[in-house]
Every structure is written in C-alpha cells, then in structure tokens.
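Here is the structure we will look at.
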Amino acid sequence: MGIDKNTEFIEAYLKGQDVDVFGVGDMSFYDKELVALDNSLKERLTFGISFGLVLSKGILETLTDGPTLIYLHHYRQLNYRLDMAAYLLSREIERKGFVAMPFAASQLVDWKDQRAHISHKKVGEIAGVGWIGRNNLLVHPVFGAQVRYNTVLTDMPLDAGKPLGKDCGQCRACISACPAGAIREEKENFDHQGCYLMLNKFKKERNLGHHICGICIRACRGER
Ligand code: B12
Ligand code: SF4
Ligand code: SF4
C-alpha cells in the first residue's frame, strides 16, 4: 500500500473505534526526547499518529467549582478507551508488517518533572490537530480543549499534516474561569506551579486519587 492508502486505512480504522479527532505528525519535528525509552525508537518510528476522544458536554456541565466524581469516572473511562484504541491500532499496523508503539493516555514515568514518555499535545500540534492555547492545552478548532488524546508511533509511511498556524485570537474565556488564576494573556506565561497546587488541593479535599480539574476544558468549547 502507498502512503495515501496507508493513511486512509489508519483514519478508517480509528473511525471504526469511534475516534473523533485524527492527525499524523512528522516526528522529525518533535524535538523533545522520548522519556525513559530507548532513543533509537525515535529514529525508527518516524510517524506519530495523534487521535482523540471528545468529552461529554453533560459531564463537563457538572464542573462548576472544580472536579466532580462523575468527571473522575469519565476521565478514567476515556483513558481506558484511548489506551485500548492505541493497542488495537498498533496490532493492526503490525499485522501489516510494520512496527507500532501504543502509548498510555495518562501515565507518568518521571514523577519529579511530571512527565510522560511522550507529549500528546506536542504530537497533536505537529500533526495540525490543534494549537496550544492560553490554557496550555491542545485546542481543536471545532472541539476546543474538550478532547483527550493518545499517540501511536510507527514506521508505516503516512501522509503527515502540518501545524495549523492558528491561535486563540480574541478569545479569553478560560482566563477568568481558572480557580488558580494560572491562565494568562500570553500562553508562555501559564503558571504551571499555580495550576499544580490547585489540582493537589482538589485531589486531597475531594478524595480523587488523581490530579484533575477540568474547569479550563469546560471553558474552551471551540465551535461545537
Ligand atoms: C503530567 C501531566 C499533567 C501535570 C502537568 C505537568 C507537566 N509537566 O506538564 C498536571 C497533573 C498538572 C496536569 C494537569 C492537567 N492535565 Co495533564 N497531563 C500530563 C501528562 C500525563 C504528561 C504531560 C507531560 O509529559 N508533560 C511534559 C512536557 C514536556 O510536555 P507537555 O505537557 O505537552 O508540555 C508542553 C507545554 O506545557 C510546555 N511546558 C511544559 N512544561 C513547561 C514549563 C514551563 C515553565 C513552560 C514555560 C512551558 C512548559 O512545553 C511542552 C511542549 O509543548 C499528559 C499526557 C501525555 N502523555 O501527554 C496529560 C495531559 C497533558 N493532561 C491533560 C489534561 C486535560 C489535564 C487537566 C485539564 C486535568 C484534567 N484532566 O482535568 C490539567 C490541565 C492543566 C493545564 N491547563 O495545562 C490532557 C490535555 C488534553 C488537551 N486537550 O490538551 C493530556 C494530554 C492527557 C490526555 N490523554 O489527553 N497534567
Ligand atoms: S486545570 Fe484547573 S487550575 Fe489548572 S489551569 Fe485548568 S482551570 Fe486552572
Ligand atoms: S478558552 Fe479561548 S483563550 Fe482559552 S485556550 Fe480556549 S480558545 Fe484559547
């Protein structure tokens, strides 16, 4: 199969998994190391398949003053679906004779620096799925930040997208919504520490077991 057919095949397969958002990134533009993984993989697996599932509007409406238990459940179920979709897609690619690596939707491998093996936001940005917004999240033109992502790396030749070259424009909806005041006019000034402290507080006070919040997701609706 050629590049176009391969790409059509991947897109159709993910649609069959009910995936809402799809893109391919050329991993030569991914300048970060793959944390805690053999770096030769980065040389070999040159295509990053970025895909995502849209969060339920109903669940997001429950987020008024921070994370709710129903949002916690939804978050975990989407992670599960994303992990399963990544695994099934990788199996399908490997059945065709290529190599694929499914990542975890949400798994820390470096606790000190709070990092995963790979940044789904960065891969999505390279693939042209969305842009990094003032809220520090990957913002899809239609679904806003209301998408959770995963990544599969592969050596299957694919038609890679390009960064969208868009930004938040006049929108500032997330700035006043953030309970930590962590979101600023310039995305570069996002207050990572302030956000983390608020998530830690929610985790303890609401007995969540996870660093979640979701207020800046709810605020960032895109065009949907
Ligand atoms: C660890 C983590 C966190 C940590 C953040 C620590 C950190 N270092 O980023 C904590 C617990 C605070 C967190 C919070 C949240 N997270 Co989180 N998180 C992750 C996780 C598991 C790993 C991220 C990682 O490796 N970061 C390391 C750096 C290198 O990569 P990066 O985060 O993409 O960072 C980029 C920028 O943030 C920036 N940057 C990073 N650090 C710094 C520091 C400074 C000073 C500066 C200037 C820039 C900067 O540069 C990077 C490259 O573009 C990812 C899943 C994944 N594997 O990608 C989810 C992920 C990023 N989280 C997600 C979400 C939704 C959230 C929350 C809303 C919580 C929730 N679910 O309710 C909040 C949002 C906070 C916010 N507004 O950014 C989603 C984002 C989806 C989207 N549409 O963008 C992801 C992709 C999970 C998923 N499967 O969808 N998260
Ligand atoms: S996750 Fe919560 S505290 Fe962090 S930036 Fe978003 S709204 Fe603010
Ligand atoms: S809510 Fe508006 S300003 Fe905030 S990240 Fe989304 S598009 Fe950008």
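The values are calculated or read from the model by the stated rules, or taken from the named source; none is laboratory data. Keep in mind that what you see is a predicted model, and the values were worked out from it rather than measured. Don't worry about glycine lacking a Cβ; one is built from the backbone with ideal geometry, like all the others, and counts go over all protein chains shown.
Is at least one residue of region 117-135 of a type in the set (A, V, I, L, M), more than 11 Å from ligand 3 (Cβ to nearest atom) and either surrounded by fewer than 22 Cβ atoms within 10 Å (Cβ to Cβ) or modelled with pLDDT under 95 (or both)?
No, region 117-135 contains no residue that is of a type in the set (A, V, I, L, M), more than 11 Å from ligand 3 (Cβ to nearest atom) and either surrounded by fewer than 22 Cβ atoms within 10 Å (Cβ to Cβ) or modelled with pLDDT under 95 (or both).
Is it fair to say Arg221 is basic (Lys, Arg), touching a Gly at 6+ places or on another chain (Cβ under 6 Å) and either within 7 Å of ligand 2 (Cβ to nearest atom) or closer than 17 Å to Thr64 by Cα (or both)? Judged against the criteria, Arg221 is a match.
Let's see how each residue does on (1) exposed (fewer than 14 other Cβ atoms within 10 Å of the Cβ); (2) under 17 Å from the mean Cα position of the chain (by Cα):
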{"position": "Met198", "(1), (2)": "no, no"}
{"position": "Lys204", "(1), (2)": "yes, no"}
{"position": "His211", "(1), (2)": "no, yes"}
{"position": "Ile217", "(1), (2)": "no, yes"}
{"position": "Cys220", "(1), (2)": "no, yes"}
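Just one of (1) within 16 Å of ligand 2 (Cβ to nearest atom); (2) under 22 Å from Val35 (Cβ atoms); (3) not in a loop (DSSP other than H, G, I, E, B) trips up Gly124, so point out which. All conditions pass for Gly124, except number (1).
Among residues of region 147-169 that are under 23 Å from Ala104 (Cα atoms) and of a type in the set (D, E, K, R), those with a Cβ under 8 angstrom from a residue that is away from ligand 3 (no atom under 13 Å from the Cβ) and part of a loop (DSSP other than H, G, I, E, B), sequence gap 6+ or separate chain, pair up as Arg148/Leu55; Arg148/Ala105; Asp155/Leu45; Asp155/Thr46; Asp155/Phe98; Asp155/Val99.
Filter region 141-154 down to the residues that are part of a loop (DSSP other than H, G, I, E, B) and buried (at least 16 other Cβ atoms within 10 Å of the Cβ), then identify the one that is nearest to ligand 1 (Cβ to nearest atom).
Of all residues in region 141-154, those part of a loop (DSSP other than H, G, I, E, B) come to 141-143, 145-146.
Remaining after also requiring buried (at least 16 other Cβ atoms within 10 Å of the Cβ): 143, 145-146.
Details: Phe143: 9, Ala145: 4, Gln146: 7 Å.
In this case the residue turns out to be Ala145.
Restricting the first member to region 29-49 and to residues that are surrounded by 12 or more Cβ atoms within 10 Å (Cβ to Cβ), and the second to residues that are basic (Lys, Arg) and modelled with pLDDT under 85, the beta-carbon pairs closer than 6 Å and six or more apart or on different chains are Leu34/Lys42. Identify all residues within region 77-116 that are part of a helix (DSSP H, G or I), of a type in the set (Lys, Arg) and exposed (fewer than 15 other Cβ atoms within 10 Å of the Cβ); write none if there are none. Correct list: Arg91, Arg95.
Do the conditions hold for Arg172, that is, is it within 16 Å of ligand 2 (Cβ to nearest atom) and surrounded by fewer than 16 Cβ atoms within 10 Å (Cβ to Cβ)? Give the steps one after another, and end with the answer.
On the way: within 16 Å of ligand 2 (Cβ to nearest atom): yes; surrounded by fewer than 16 Cβ atoms within 10 Å (Cβ to Cβ): yes.
Criteria met by Arg172.
Restricted to region 210-224, and to residues there that are in contact (Cβ under 8 Å) with a residue 40 or more places away in the chain and more than 16 Å from ligand 3 (Cβ to nearest atom), the residue that is nearest to Gln146 (Cα to Cα) is Ile212. For region 175-205, enumerate the residues that are within 13 Å of ligand 2 (Cβ to nearest atom), out of contact with any His (no Cβ under 8 Å at 6 or more places or on another chain) and either among the β-branched types (Val, Ile, Thr) or in a loop (DSSP other than H, G, I, E, B) (or both). Within region 175-205, Ile175, Cys178, Pro179, Ala180, Gly181, Ile183, Arg184, Phe190, Asp191 meet the criteria. Applying the condition of being under 12 Å from Thr68 (Cα atoms) and free of Cβ contacts under 8 Å to residues at least 24 places away in the same chain to region 190-208 and asking which residue is nearest to ligand 3 (Cβ to nearest atom) yields Lys203. Every condition in (1) within 20 Å of Phe29 (Cα to Cα); (2) of a type in the set (Lys, Arg); (3) near ligand 3 (Cβ under 9 Å from one of its atoms) is met by Arg172 except one, and the failing one is (1).
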